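These notes are about the structure you will find just below.
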Amino acid sequence: MIPFERTAIGAATASFTELERELLTDLATQVIELLGEPPDAEFAGIGGGGALSTDPAIARLLPDAYRDDAEASREFRRFTENSLAARKVANARALIGALAESGEIELGADTQQAWLRALTDIRLIIASRLGIENDDDPHYGDEAIGVRDADLMMRDIYDWLGMVQGSLIEAIE
């Protein structure tokens with residue numbers, strides 16, 4: 001990846017290799033599949049009014065609004081969950097759309113924000129799968145015992161996505 005740079009008109013440009021584009025597209029597609037389209041949303045446990053999802057990734061993307069008040073959380077979820085999930089799907093689609101044409105991308109202000117949100121969502125999903133709750137959680141080292149290779153690879157992807165996101169933030173600022 002050639003990091004994001006700000007243009008004179010306020011856009012952010014970057015360049016991704018084919019492999020990076022495929023990875024980002026695949027990860028954003030997984031967000032869409034996880035949250036589902038409106039008819040699939042209830043199947044995924046997203047129905048606007050139910051309890052917090054039992055899937056840790058969905059629970060991280062669509063958390064309880066009131067941790068100490070299940071009834072208030074359920075009511076809040078009833079009015080907001082479907083639209084929040086739809087916005088997350090739209091952000092993932094914006095990321096995919098920007099990568100569709102070539103490795104050289106230029107993001108306008110709206111697309112920059114969609115990318116930041118989509119990258120955050122992808123990182124939250126990966127973090128939930130790896131058991132990362134906060135920045136103090138240990139990084140896996142090469143000598144880690146009992147850590148699966150797939151987890152090490154996902155941690156590398158998680159860290160790389162953070163670098164992509166940081167690059168975009170720097171270009172925006």
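The values are calculated or read from the model by the stated rules, or taken from the named source; none is laboratory data. From a predicted model like this one, the values you see are computed outputs, not experimental measurements. In this analysis, Cβ positions are derived from the backbone assuming ideal geometry, glycine residues included, and neighbour counts consider all displayed protein chains. SASA here: full protein model, heavy atoms, side chains in, ligands and nucleic acids out. Shrake-Rupley method; radii C 1.70, N 1.55, O 1.52, S 1.80 Å.
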> If we scan the stretch 139-160, do we find a residue that is in contact with a Phe, Trp or Tyr (Cβ under 8 Å, 6 or more places away or on another chain) and modelled with pLDDT of 90 or more?
Replying inline: yes
>> Looking only at the stretch 4-16, count every residue that is at pLDDT below 95 and either open to solvent by 70 Å² or more (accessible area, probe 1.4 Å) or in a strand (DSSP E or B) (or both) and tell me the total.
In response: 2
